[in-house]
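Here's the structure, in structure tokens; my notes come after.
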Amino acid sequence: MSAPIIRPRVKAFIFDLDGTLIDSVDAHVTTWVKAFKVAVGISVDEVEVRSLIGMSGRDIVRKILGKVSESEYAKIRWVKDRAFMKELKGGRVTLFPGVTQALRMLKKGGYLIGMASSTPNRLLLHIMDYLGITGFFDAITGGDEVRRGKPDPEIFLKAMRKLGVGPEETVVVGDTVYDACPVHRVGALPVLVNTCRAPDGIVVATFCMFHEFTEALKACIPRRNYLG
């Protein structure tokens, strides 16, 4: 099923980060696996971890280990975050082709741009700064700002409130069902990138690669609005 990218009333675009704007899923998988092994001595399957990427860190740990103490979670998270930063600084986490161009088009086209990521702000802001995209965003919402992580829609609704827009005025761009399903439920328009498969029963624009989304934006935004 497919849907237009921009409806007449759209004022804002909200993006997920991992797997959407940045090629980081492999880095997250390997660093979660390392964290479970180093912090609590448990070997976990990479396939299982990969299926959970997009959820909050706490929910990933709960899915893998069940209930854990706050100190156990903090230890796992400490190892995980530091291992991920090594991946980032080692050049193994990069922007997908077309990301900077798309953000620039939207900004010059007059749209508000928000971030809604399960990554906590202490790490999220550093990643965005390191990759040079922070300046495009009018509002940033990290996973530590909400009580319920994806697939609950709380983080998307909070991002919309920061931007001053309603769901009917918002396009949300993500890469998994954890983005598309809650967005659809609250009445915003979901767009999926870097995947060729849309969730069953949801009208969603889907692009197998991010740069295809960028090319589609060119057809939606008049050139006079983003050139110059």
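Every read-out reported here was derived from the displayed coordinates using simple, explicitly stated rules and does not represent laboratory data. It should be emphasised that the depicted structure is a prediction, and the values quoted were computed from it without experimental measurement. Here the Cβ is made from the backbone with ideal geometry for all residues, glycine too, and neighbour counts use every protein chain on show.
Annotations
- Relative exposure of Phe36, Phe137, judged by other C-beta atoms within 10 Å (fewest first): Phe137, Phe36
- Scattering from region 96-213 was approximated by placing one identical point on each alpha carbon and applying the Debye formula without solvent; log10 I(q)/I(0) at 0.14, 0.18, 0.23 1/Å stands at -0.57, -0.99, -1.59.
- Partnerless cysteines, meaning none of the other Cys C-beta atoms lie under 4.7 Å away, in the chain: Cys181, Cys220
- Ellipticity estimate at 222 nm from DSSP helix runs (n ≥ 4, -39,500 (n - 2.57)) divided over the chain, nearest 500: -14000 deg cm²/dmol
- Averaged over residues, the count of other Cβ atoms within 10 Å places the peptides 170-177, 82-89 in the sequence 170-177, 82-89, highest first.
- Based on the Kirkwood approach, the hydrodynamic radius assigned to the chain is 17.8 Å, with every pair of different Cα atoms included.
- Across all C-alpha atoms in region 25-89, the radius of gyration and Dmax reach 10.6, 32 Å.
- Each Lys and Arg adds +1 at its Cβ and each Asp and Glu adds -1 at its Cβ; summed about the Cα centre, the chain shows a dipole of about 480 debye.
- Karplus-derived 3J(HN,Hα), 6.51/-1.76/1.60, for each residue of region 81-91, Hz, glycine and proline x: 5, 5, 5, 5, 4, 5, 5, 4, 6, x, x
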